[in-house]
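A short worksheet on the structure shown next.
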Amino acid sequence: MSRVAVVTGGTRGIGAAISKALKDAGYKVAANYGGNDEAANKFKQETGIAVYKWDVASFDGCRDGIAKVVADLGPVDIVVNNAGITRDSTLHRMNREQWDAVLDTDIGSCFNMCRAVIEGMRDRKFGRIVNIGSINGQAGQYGQVNYAAAKSAVHGFTKALAQEGAAVGITCNAIAPGYIDTEMVQAVPKPVLEKIIAKIPVGRLGHAEEIARGVLFLVADDAGFVTGSTLSINGGQHMY
Ligand code: CAA
């Protein structure tokens, strides 16, 4: 029996690497995406992974999207809450829309997605939830009060849900990536990014595959004793 995994934001960046790694390891994978049809269709053609479009910031969107995945692939055993956005700005310039967009997408999605699968996981007494947090949720970051608040909340959410799931076979863990060579990080102004890289002891940006490797560890059937933990994968930039 191969387990069914849903990866949000699973067709680009870190999410694409996670979707591919799960498929290569034998899981049935549904890669969710929010808006970029072109990238999603290219990803589907290249990998053979099923793609599903819904907005993770929408409660009803997640409920309906999960129902479609269940109809196509079977009950969901694994959720990787990876989808996330930035709207970087210092607080004195940030508007309410930039705050709401990041909070709704980066932490609201964890509620929406987990709520859509939790009852089935509890009934079947098995679940693996991995939430992608961030070094910037652990350490804070100039220009990111919205993102740092949302990602910090991801880590609190993870520890609370881990306690609720422990007795019914559901683990909930977080990964806190550092700066990974994705489009999101490449959008940081070059001089700022250079300063950031200079502070990474390993001396380079991370690769998306290095995050996927952590996900594979956490979702395994025999990882049942690992719950409520945060795996930092950041090149030594922040030791938490
Ligand atoms: N680290 C070190 N210095 C930083 C910095 C950072 N992260 N962000 C800004 N600074 C510095 C700038 O280099 C600049 O210094 P100088 O005056 O010496 O040149 C000073 O702070 C002011 O910055 P700006 O001139 O850029 O100010 P601005 O108001 O024009 O722009 C900003 C502000 C939009 C926040 C811009 O600085 C920015 O985009 N910073 C990057 C924020 C960031 O790190 N985002 C991470 C995105 S990737 C991600 O979030 C994924 C993940 O999980 C790790």
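The values are calculated or read from the model by the stated rules, or taken from the named source; none is laboratory data. Source: prediction; values computed, not measured. Counting neighbours? That spans all protein chains shown, and the Cβs are built from the backbone with ideal geometry, glycine included. Note: areas computed on protein heavy atoms with side chains; ligands, DNA, RNA excluded. Shrake-Rupley method; radii C 1.70, N 1.55, O 1.52, S 1.80 Å.
Things worth noting here:
- Test: residue in region 164-184 that is within 23 Å of residue 96 (Cα to Cα) and surrounded by fewer than 23 Cβ atoms within 10 Å (Cβ to Cβ): yes
- Residue list for region 104-139, restricted to those being free of Cβ contacts under 8 Å to residues at least 24 places away in the same chain and more than 10 Å from the ligand (Cβ to nearest atom): 119, 123
- Of the residues contained in region 74-94, none is found to be open to solvent by 60 Å² or more (accessible area, probe 1.4 Å), within 16 Å of the chain's Cα centre (by Cα) and under 27 Å from residue 206 (Cβ atoms).
- Count - residues of region 187-222 that are more than 9 Å from the ligand (Cβ to nearest atom), closer than 25 Å to residue 80 by Cα and open to solvent by 70 Å² or more (accessible area, probe 1.4 Å): 6
- Index of the failed condition, residue 240 passing every other in (1) away from the ligand (no atom under 13 Å from the Cβ); (2) open to solvent by less than 60 Å² (accessible area, probe 1.4 Å): (2)
- Residue check for residue 161: touching a strand residue (DSSP E or B) at 6+ places or on another chain (Cβ under 7 Å) and either among the acidic types (Asp, Glu) or over 28 Å from residue 89 (Cα atoms) (or both): yes
- Test result for residue 88, of a type in the set (D, E, K, R), within 16 Å of the ligand (Cβ to nearest atom) and touching a helix residue (DSSP H, G or I) at 6+ places or on another chain (Cβ under 8 Å): yes
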